[in-house]
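The values are calculated or read from the model by the stated rules, or taken from the named source; none is laboratory data. A quick note: this is a predicted structure, and the numbers were derived from the prediction, not measured. Reconstructed Cβ throughout: ideal geometry from the backbone, glycine too, with neighbour counts over all protein chains shown.
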Amino acid sequence: MEDVFLPIVIVGMLFIGLPWVIMHYITKWKQSGTITNEDEKLLDELHYTARQLEERLLTVERIIAADNPDFRPVRDPLPEQSPYDISRRN
């Protein structure tokens, strides 16, 4: 009995179970192909916060450089302007 049952289970898993799992995740991938408006707003907020933190870090580096003449900041004092327009937030 076991000699017949095991190949049937293996063939069933191979030809039914595996395509079912693959098709399930393909449909999940297609449904979530784009980011939602909430995700886009979160990314905008994170980018804006990162820019503010970078400006604060540059300010602290300028203050330290003014107090200590031996201090050399690792980065350029004037960062490149990003093509991203901060004023165009959602």
- Mind checking whether some residue in segment 72-86 is modelled with pLDDT of 85 or more and either aliphatic (A, V, I, L, M) or part of a helix (DSSP H, G or I) (or both)? no
- How about segment 38-77: which of its residues are exposed (fewer than 10 other Cβ atoms within 10 Å of the Cβ) and touching a Phe, Trp or Tyr at 6+ places or on another chain (Cβ under 7 Å)? none
- Query: When segment 39-66 is examined, which residues are found to be of a type in the set (Asp, Glu) and at pLDDT 90 or above?
  - Reply: Asp44, Glu45, Glu54, Glu55
- Pairs with Cβ under 9 Å, 6+ apart, first in segment 37-55 and under 27 Å from Pro73 (Cβ atoms), second of a type in the set (S, T, N, Q) and not in a helix (DSSP H, G or I): His47/Ser82; Arg51/Ser82
